[in-house]
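Colleague: I'd like to ask some things about the structure below.
The values are calculated or read from the model by the stated rules, or taken from the named source; none is laboratory data. For clarity, every value in this text was computed on a predicted model and none was experimentally measured. Positions of Cβ are backbone-derived with ideal geometry, glycine not excepted, and every protein chain shown enters the neighbour counts.
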Amino acid sequence: MADILRYPEYHVYRGLQKPLEMFGMRGRYIYWAAGTVGGGIIAFFVCYILSGFLLAVIVTAVIFAIGGGLIAIKQHLGLHSKKAPKGIFIVAKLWEGYRHIDDNQQ
C-alpha cells in the first residue's frame, strides 16, 4: 500500500484573459481557418462537377493559399489588430451647444 499510483495532473482552466488556441492559431483565426477549409471543399465539389478534376484541384489550392496567407498575415499583426490612424487630431469646441438641464427646471 506504500506505492500509490499517481496520475499526471493537467490544468484545464486557462483563465478568462487568454485567447483560445488550436494548431498555432488564436481566437478568431480558428473560425477563419474553418471557413477557408469549408469554402475550399465546396469550391472543389462545384469545380469538379462543372469542369473536371484538374481545375478543381487548382481552384482549391488557390483558395487554401489565399486563406492561409491572410490568416498568417493577420495573426502576425496581432489578435486585437485595429486600424490606428496616424497623425495628431485636435478636437476643438467639443461641447459647443451642450446645455445642462437641472431637475428643478421645466
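Colleague: Tally the residues that are within 15 Å of the chain's Cα centre (by Cα) and in a helix (DSSP H, G or I), restricting the search to the stretch 24-72.
Modeller: Pass one, the stretch 24-72, residues within 15 Å of the chain's Cα centre (by Cα): 24-37, 67-72.
Remaining after also requiring in a helix (DSSP H, G or I): 28-37, 67-72.
Total meeting the criteria: 16.
Colleague: At pLDDT 95 or above and touching a Phe, Trp or Tyr at 6+ places or on another chain (Cβ under 6 Å) - does that describe any residue in the stretch 59-81?
Modeller: yes
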